[in-house]
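Structure record follows, encoded as structure tokens.
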Amino acid sequence: MPEEATVTVLLRKSAGGEWHEPAVTAYANEAHLQRILLCAPQLLPTVPTPAVAVAEVETVEGCLADILCISHDGSITVCECKLRRNHEIKRWVVGQLFAYAAGLWRLTYDDLDRRLTRSGGASLEMRMSQQLELSEVGNWDGIAFRERVTANLTEGRFRLIFAVDEITEELRRTVQFLNLRTAPGLSILALEMGYVQDDDVEILVPNLYGAEIANQKDHVERGAWDRESFLAALQAQGGDRCLNVVQSIMEWARQRGAEDRFGVGTKSGSWFPIWSSGPRRFSAWTDGTLSIDIWQLRKGDNFDEPAFLKQVRDRLGAVGLVLTTAKDSPALQMSAITDPAAQRAILDTLEWIVAETG
């Protein structure tokens, strides 16, 4: 059996100088690797920049993600740093990273913002604005940014990165397996970041694993919806009745000064109106449902959720319409709206919701 070749990094500072091995060939500790990536998030593969990178973010109680990175396009990256000598690199690191992602899943934008600013400092939007001033990215829309971050949190669309000094065969195979067996929108990557230092010169040697499979998976993912694609999917899934009801709601919202917004879901498309003041209140979906977005309304300090829901249920119940009992987004099947009185009750109820939550 042939012996394995050993690769040694050799340096020299100028032509004619002596070649020598670097003084340092490893990170001092995991915090060293973390600091490097935190100060230069552009080193994280496939992460759009500019981006805001924050260290030690609590995603679930008692669990701190090494690096949480929010890009200007609203994409979310979670990075965990491990050295090969740490026994956790074998299996525990996988569970850690997925626990962090699960903790972020279905947070509201404001919840995320509070966690990022828990140790003090400016809001996420303010930090992003500061990063953008130093970049060439133009036409950045703060409202659209919030919506994209919210959609990614809601659907669990994350980029998960294991950052290591030396990848193990077990971790490489795990990354490959997870990318093959998870849905589009969740990318799992391993970044091997070799390190050497000699006097005031530092060298990083990056190798990326898992990107090809993750990219192939994301190619089948649906992009952002628009009016045409949303209405076409709604008609295909819910029929003409649902299409007519939603179009009447969309026209009602536009007449009252709302702007159309469309989601980025991979399975179902969504539409929701946004007014210049007040939160997002409700959404229509291509599966034929209309949901009341309680999860968005909870952030109001004076929001009385039980009283609010009772009013909504009473108003709809008067014409025989029933909301589901879902905690975050109680919904109504629009196929149940069979006559003009029921449709009128829907619009009257939405009018009341807008007035109450403005």
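The values are calculated or read from the model by the stated rules, or taken from the named source; none is laboratory data. Model, not experiment: these values are computed from the prediction. Every residue, glycine as well, gets a Cβ built from its backbone with ideal geometry; the counts of neighbours run over all protein chains shown.
In the list SER329, SER335, which residue meets the criterion of being of a type outside the set (A, V, I, L, M, F, W, C), on the phi < 0 side of the Ramachandran plot, within 28 Å of the chain's Cα centre (by Cα) and assigned by TED's automatic domain parsing to the domain that holds GLN235?
Answer to the check: SER329.
Output yes when any residue across segment 282-291 is modelled with pLDDT of 85 or more and farther than 30 Å from GLY185 by Cβ, and no when none is.
no
If you go through segment 13-60 one residue at a time, how many are within 32 Å of the chain's Cα centre (by Cα), within 19 Å of GLU202 (Cα to Cα) and charged (D, E, K, R)?
2
Please pick out the residue among GLU125, GLU166, GLU136 that is without any contact (Cβ under 8 Å) to a residue 60 or more places away in the chain and either farther than 20 Å from ILE76 by Cα or assigned by TED's automatic domain parsing to the domain that holds PRO273 (or both). Give the steps one after another, and end with the answer.
Values: GLU125 fails: either farther than 20 Å from ILE76 by Cα or assigned by TED's automatic domain parsing to the domain that holds PRO273 (or both); GLU166 fails: without any contact (Cβ under 8 Å) to a residue 60 or more places away in the chain.
The match here is GLU136.
Across segment 287-326, what is the total count of residues that are closer than 25 Å to SER229 by Cβ and either assigned to a loop (DSSP other than H, G, I, E, B) or not assigned by TED's automatic domain parsing to the domain that holds GLY263 (or both)?
Taking segment 287-326 and keeping what is closer than 25 Å to SER229 by Cβ, we get 287-293, 295-296.
Remaining after also requiring either assigned to a loop (DSSP other than H, G, I, E, B) or not assigned by TED's automatic domain parsing to the domain that holds GLY263 (or both): 287-288, 293.
Residues meeting the conditions: 3.
For segment 323-356: of the residues being touching a helix residue (DSSP H, G or I) at 6+ places or on another chain (Cβ under 6 Å) and among the β-branched types (Val, Ile, Thr), which is farthest from ARG256 (Cα to Cα)?
ILE337
Any idea which residue in segment 337-350 is surrounded by the most Cβ atoms within 10 Å (Cβ to Cβ), counting only those that are without any contact (Cβ under 8 Å) to a residue 60 or more places away in the chain and part of a helix (DSSP H, G or I)? If you could, list the steps in order and put the result at the bottom.
Keep residues of segment 337-350 that are without any contact (Cβ under 8 Å) to a residue 60 or more places away in the chain, which gives 339-342, 344-345, 348-349.
Applying the additional criterion that residues be part of a helix (DSSP H, G or I) yields 340-342, 344-345, 348-349.
Numbers: PRO340: 8, ALA341: 12, ALA342: 17, ARG344: 13, ALA345: 19, ASP348: 14, THR349: 23.
My answer is THR349.
Can you tell me which residue in segment 118-129 is modelled with the lowest pLDDT, limited to those that are in contact with a strand residue (DSSP E or B) (Cβ under 9 Å, 6 or more places away or on another chain) and surrounded by fewer than 19 Cβ atoms within 10 Å (Cβ to Cβ)? Show your work before the answer.
Residues of segment 118-129 in contact with a strand residue (DSSP E or B) (Cβ under 9 Å, 6 or more places away or on another chain): 118-119, 121, 124, 127-128.
Going one step further and asking which of them are surrounded by fewer than 19 Cβ atoms within 10 Å (Cβ to Cβ), we end up with 118-119, 121.
Numbers: ARG118: 82, SER119: 63, GLY121: 76.
This residue is SER119.
In this structure, does LEU171 turn out to be in contact (Cβ under 8 Å) with a residue 40 or more places away in the chain and part of a helix (DSSP H, G or I)? Let's see the steps before the verdict.
Numbers: in contact (Cβ under 8 Å) with a residue 40 or more places away in the chain: yes; part of a helix (DSSP H, G or I): yes.
Taking the combined requirement at face value, the residue satisfies it.
I'd like the full set of residues that are more than 15 Å from THR49 (Cα to Cα) and either in a loop (DSSP other than H, G, I, E, B) or touching a Gly at 6+ places or on another chain (Cβ under 8 Å) (or both), limited to segment 120-140.
Of segment 120-140, the ones more than 15 Å from THR49 (Cα to Cα) are 120-123, 126.
Of everything in segment 120-140, those that are more than 15 Å from THR49 (Cα to Cα) and either in a loop (DSSP other than H, G, I, E, B) or touching a Gly at 6+ places or on another chain (Cβ under 8 Å) (or both) turn out to be GLY120, GLY121, ALA122, SER123.
Hey, among the residues in segment 158-176 that are under 25 Å from the mean Cα position of the chain (by Cα) and farther than 16 Å from TRP92 by Cα, which one's surrounded by the fewest Cβ atoms within 10 Å (Cβ to Cβ)?
This residue is GLN176.
In segment 327-336, what residues are of a type outside the set (S, T, N, Q) and in contact (Cβ under 8 Å) with a residue 60 or more places away in the chain?
Applying the first criterion (of a type outside the set (S, T, N, Q)) to segment 327-336 yields 327-328, 330-332, 334, 336.
Scanning segment 327-336 gives ASP328, MET334.
Taking segment 191-215 as the region of interest, how many residues are farther than 30 Å from LEU10 by Cβ and part of a loop (DSSP other than H, G, I, E, B)? Let's see the steps before the verdict.
Initial filter on segment 191-215 (farther than 30 Å from LEU10 by Cβ): 210, 212-215.
Okay, now just the ones that are also part of a loop (DSSP other than H, G, I, E, B), so 210.
Within segment 191-215, residues that are farther than 30 Å from LEU10 by Cβ and part of a loop (DSSP other than H, G, I, E, B) number 1.
Among the residues of segment 171-183, are any on the phi > 0 side of the Ramachandran plot and at pLDDT below 90? So that I can check it myself, show each step before the final result.
Filtering segment 171-183 down to residues on the phi > 0 side of the Ramachandran plot leaves none.
So far as segment 171-183 goes, no, none of its residues is on the phi > 0 side of the Ramachandran plot and at pLDDT below 90.
Give the residues of segment 177-190 that are outside any helix (DSSP H, G or I) and surrounded by fewer than 17 Cβ atoms within 10 Å (Cβ to Cβ), sorted by residue number.
Step one: list which residues in segment 177-190 are outside any helix (DSSP H, G or I), which gives 182-190.
Residues satisfying the conditions are THR182, ALA183, PRO184.
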